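The block underneath contains the structure these notes are about, expressed in structure tokens.
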Amino acid sequence: MSSLLLFLLPLLVLGRAFALEFRYHDNHEIEQYLVQISSSNQDITHLYSIGQSVRGQQLWALALGLSPRRHTVGIPEFKYVANMHGNEVLGRVLLLHLIDDLVRGYRGNETWSLQLLKSTRIHFLPTMNPDGFDAADTDCVYSRGRYNDNGVDLNRNFPDAFAGLRRTQQEEVQLEKEVRAVIGWLRAESFVLSANLHGGALVASYPYDNSNGGSEMVGGTSMAPDNDVFVHLAKVYSHNHATMHHGNVCSDSPPFPDGVTNGYQWYPLAGGMQDYNYVWSQCLELTLEVSCCKFPSVDQLPALWAENRKSLLAFIQQVHLGIKGRVFDGSGVPVQDAVVEVKGRRNMCPFKTDQRGEYYRLLLPGNYSFTVTYPGHEVLTETLSVPYGPDGYSAMKHDFLLRRAAATTGGVSAPPTAANPTPPCNYTPRLEGGGANTGPSWAGLSAGLGVVAAVRSLIG
């Protein structure tokens, strides 16, 4: 028997009996669980690393869906990230139990799980800061373990849309390994909707977290162009939660009407992950504060899971809001970087089609005027009536078909510029020494899991 099989056999025996208990699993146990559930469910799971922490721990992500290893046109990409602050730990527990719940539901032919996995590719990053977790204590309030191993707050380390180009360029060499890994992940996948799970309060917070005092400032809030959608998304989470919607559950927090808040109105935050997702990656992200205590006691975990389960599932379903489709050029070929704008909501960086010509716009039901712009083609404007999609697990589908511009127009239609764009929209920080796909190769990991599956068959 090969040395690899000898190494894997004890892990597999342990994996067979690995029950997901309500307790805090250390980083090695999380890795064990993800390997076990992925090797046992290879048809709907894909385990991969997006990079490494400062101390070299793998940042493991698990994708769930009917095509878990690669994107499928028309199937939106969703993600949950937990444990960005190492001492805010409930999110680790919630994501592991949500993975377990979805897999068990799918295997049991339960409609709710079948519909989600058929219509969505769902990614889970249970810990973004494993080094911080290792250093954390169990205090409800204090910050030991909050930072990464370099002593940096990861939720203050992303390029900031409101800082301007000069500061962004100066700071790019200071991006932490964990931040570079997430930025690389955002480049590798076209995420549509996301949430990152924190602790220490009970509220759903939405962009913007920061401001430079421009037109985004409205009545003490830093308002994003898609503010109506963000408020809706936040209320979906808070109102499906057992108590969050009450808005005054935590004794040391301010009252939050409906259990939601604009990030800036709560407190300004520069270099946050949710603003980066929205501005540069076209991914609408919320920050979910899911427990008054940063490190709840183990005996509270079953109740906290019960309080959050419905919200976690309902929020995933919101990825089917609005409209989706592709943009085709005059020859019928899907095109990348076509600008798809919605009248009345000029994004700081215009939303563009991806390498497959796809676009996704999360919108509430209503009539919207769309403008599609692509070099060498006529500007296309269409008004569409958008229904509510989440109940049917699909946004409205609509493809835009462009016509080539007449030669007399110069052959190129310049895309419209966003109103008061602060960041350069083609800016991407360099990711030397980090980013997606660092650590073990995806091909090597897949091969390893294949061996795991083979050995499982030998031991029954």
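Every number here is computed from the coordinates shown, using simple stated rules; none is lab data. Please read these numbers as outputs of a predicted model, since none were measured by experiment. All Cβ positions, glycine included, derive from the backbone under ideal geometry; neighbour counts span all protein chains shown.
Quick one: check the C-alpha center-to-center distance for the stretch 305-348 versus the stretch 268-288, whole angstrom.
Between the Cα centres of the stretch 305-348 and the stretch 268-288 lies a distance of 16 Å.
Using the 2.2 N^0.38 Å rule of thumb for compact globular proteins, work out how the stretch 323-404 stacks up: its C-alpha Rg over that value, please. Intermediate results must be reported in sequence, preceding the final value.
Numbers: Rg = 12.3 Å, N = 82, 2.2 N^0.38 = 11.7 Å.
Normalised Cα radius of gyration, the stretch 323-404: 1.05.
Compare the peptides 313-319, 151-157, 339-345, 75-81 by average per-residue count of other Cβ atoms within 10 angstrom and give them in order, highest first.
Peptide ranking by packing, descending: 75-81, 313-319, 151-157, 339-345.
At 7 Å along Cα-to-Cβ for each site, give me the label-to-label distance between Cys140 and Gln32 in nm.
It is 3.1 nm.
Where does the charge balance sit around Gln274 when Lys and Arg score +1, Asp and Glu -1, over other residues with C-beta under 13 Å from its C-beta?
Values: positive: Lys79, Arg156; negative: Asp160, Asp209, Asp226, Asp275, Glu285, Glu289.
With Lys, Arg at +1 and Asp, Glu at -1, the net is -4.
Where Rh is the Kirkwood radius over the Cα pairs of the stretch 71-186, the temperature 25 °C and the viscosity 0.890 mPa s, what D in µm²/s does Stokes-Einstein return?
On the way: Rh = 16.3 Å.
It comes out at roughly 150 µm²/s.
Applying a 10 Å radius around every beta-carbon, put 379-389, 274-284, 138-148 in order of their mean neighbour count, most first. Show your work: numbers first, answer last.
Working: 379-389: 14.6, 274-284: 24.4, 138-148: 17.5.
Result, highest mean Cβ count within 10 Å first: 274-284, 138-148, 379-389.
Which FRET efficiency value, to the nearest 0.05, is calculated for Leu384 and Arg69 with the Förster distance at 30 angstrom and r the Cβ-Cβ distance?
Values: r = 33 Å, r/R0 = 1.10.
Efficiency, rounded to the nearest 0.05: 0.35.
Please report how far the C-alpha centroid of the stretch 105-169 lies from that of the stretch 179-211, rounded to the nearest whole angstrom.
Cα centres, the stretch 105-169 to the stretch 179-211: 7 Å.
What order, most packed first, do the peptides 214-220, 241-247 have when packing is the mean number of other Cβ atoms within 10 Å of each residue?
Working: 214-220: 12.0, 241-247: 19.0.
Those peptides, ordered most packed to least, come out 241-247, 214-220.
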